[in-house]
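Derivation of every value follows stated rules applied to the coordinates shown; laboratory data play no part. A quick note: this is a predicted structure, and the numbers were derived from the prediction, not measured. Cβ placement follows ideal geometry from the backbone for every residue including glycine, while neighbour counts extend to all protein chains displayed.
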Amino acid sequence: MSTPASTKRVAVIGGGILGVSTAVHLLREGASVILLTERGLASEASGRSLSWLNSSGERSTPYHHLRLAGVDRYRTLFAADPRREWLQFGGGLMWNAAGQQDVTEARHAYEKSIGYDSKLLAPVDIASVTPGTDPAAVPEKAIFNPGEGWVSLPDLIEFLMEEFHSRGGELVLNSGKVSVMVEAGRTTGVETSAGGTYPADAVLVACGAATPAVVEPLGVKIPNGSPVSMLVVTKQVEHNVAAVLNTPRAALRPNPGGTFALDHDWYEEHITEHADGSFSIPGDVVQELADEASKLIAGNPELKPASWKIGYKPIPGDGEPVLGELGQVPGCFVAFTHSGATLGLIAGELLAGEIMTGKKHPMLSTFRPGRFS
Ligand SMILES: Cc1cc2nc3c(=O)[nH]c(=O)nc-3n(C[C@H](O)[C@H](O)[C@H](O)COP(=O)(O)OP(=O)(O)OC[C@H]3O[C@@H](n4cnc5c(N)ncnc54)[C@H](O)[C@@H]3O)c2cc1C
């Protein structure tokens, strides 16, 4: 496809949800887009995410508003076709360990105070509000947030990539490590480790937990707080759980194909990092997480792990999203955030708008990378 001289050429580095979403929004706005990623699409955090769509609990007001807008965009996508198995809104159910009812009640009171839909439930009332949970697993009161949902990011990425290709986007898989080219203080494009160069008017670095390392050679420091985490996908099992469950020993959500996705953090000490950068965990620890999850489900069905993936969960050092143009390198933008599933659609939309128009969106004003300079 030939590119008119006036068309903005944008190179996006990173084939996770933030890179893919921004690439598609850029194409919608008329940009010519090349997306390069080190290996395959969804090969890092987006391929092993719990992807609970929410803004529950307490956080900064701008972050809360951005997350609400994030959930709103998923609601729009859901309304277009509620039958999609990979995007569902069955609410979120959470509880704390025994003896922490005051913590649960304080969280519920806070959520009510900001208008976030939040119901405080006794264990016996849970079944009438959301199906499939074993009330015996709930020691005291639980919070149900009816407006929450979940997405399977690999499926969403596949869905968005259909539009990417139909709009003429160019995809480079297995690019190896890509870096940002700069001349006279301005971004001029990207370069692969094999020496391939791709000129561009603007570049987006959406490299997940690797984002700080990719911008460091440009003289930009972004603190990295990304921990190692694991997502387990179970074999198919009969169940009617609709909500995302966040509980003291396991988090779980339904997953396409009648499976579950499981997550938590208590097993982190059992993860070993190897010299080649890969990670492993003993199989009995994975089974222990599956057993903990089984206790949460009505009938306590046996859960068998089918696969598990371990790697970094992208989290900026101060916990807040890092979204926008680098002050030091005009034309180079970054997208690096915790809760990138919830923010995936809205962050892509707002960043594409900034890249195309040069106008800074007010909802991103507190998330700019310049706050670390
Ligand atoms: C276990 C777990 C649970 C989570 N739970 C939730 C949740 O409940 N709710 C929520 O909202 N979010 C959740 N998240 C966070 C969310 O999944 C991530 O924020 C999101 O997937 C990050 O997407 P990304 O595009 O920024 O990065 P990634 O998906 O990591 O993609 C980055 C891509 O960049 C590529 N790359 C890196 N460096 C280079 C380079 N130099 N050159 C070329 N390519 C490069 C990588 O190969 C990768 O493909 C969770 C994450 C994990 C891991």
* Asked: What 222 nm value per residue comes from the helices of the chain, counting each DSSP H run with n ≥ 4 as -39,500 (n - 2.57) and dividing by all residues, nearest 500 deg cm²/dmol?
  -> -8500 deg cm²/dmol
* Structure fact -> With a Förster distance of 25 angstrom and the Cβ-Cβ distance between A275 and E216, calculated FRET efficiency to the nearest 0.05 equals 0.65
* Asked: Where does the Debye-calculated log10 I(q)/I(0) of the chain sit at q = 0.11 Å⁻¹, using only Cα point scatterers of equal weight, no solvent?
  -> -0.77
* Asked: What is segment 38-156's relative contact order, in percent, from Cα pairs under 8 angstrom and six or more apart in sequence?
  -> 40 percent
* Qualifying trypsin sites (Lys or Arg not before Pro) for segment 193-250 [loop in DSSP, other Cβ within 10 Å: at most 14] -> K221
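Note down the magnitude of the dipole of segment 273-359 about its Cα centre, charges +1 on Lys and Arg C-beta and -1 on Asp and Glu C-beta and zero elsewhere, to the nearest 20 debye.
That gives a dipole near 240 debye.
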* **DSSP-loop trypsin sites (Lys or Arg not before Pro) across segment 53-125, with at most 11 other Cβ within 10 angstrom** => R83
* Structure fact -> Note to self: Kirkwood Rh of segment 4-121, Cα pairs, one decimal, Å, is 17.5 Å
* Structure fact -> The residues V124, V182, V244, sorted from fewest to most surrounding Cβ atoms within 10 Å, come out as V124, V182, V244
* Quick one: compute the contact order of the chain, relative version, from alpha carbon pairs under 8 angstrom and 6+ residues apart, as a percent. => 25 percent
* Please give the net charge around R107, taking every other residue with its beta carbon less than 15 angstrom from that of R107, where Lys and Arg add +1 and Asp and Glu add -1. => -3
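Exactly which GluC sites (Glu not before Pro) in segment 218-301 are in a DSSP loop and have at most 16 other Cβ atoms within 10 Å?
Numbers: sites: E238, E268, E269, E273, E288, E292; in loops: E238.
For GluC sites (Glu not before Pro) across segment 218-301 that sit outside H, G, I, E and B with at most 16 neighbouring Cβ atoms in 10 Å, the list reads E238.
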* Structure fact -> Cross-link reach from K360 to lysines, straight Cα distance under 26 Å and at least 8 residues apart if same chain, gives K8, K221
* Structure fact -> So, relative contact order of segment 125-226 in percent, Cα under 8 Å, 6 or more apart, is 12 percent
* For the chain, what are the DSSP H helices with axial Cα length of 15 Å or more and mean Kyte-Doolittle hydropathy of at least -0.5? -> 17-28, 61-80, 153-166, 283-294, 340-357
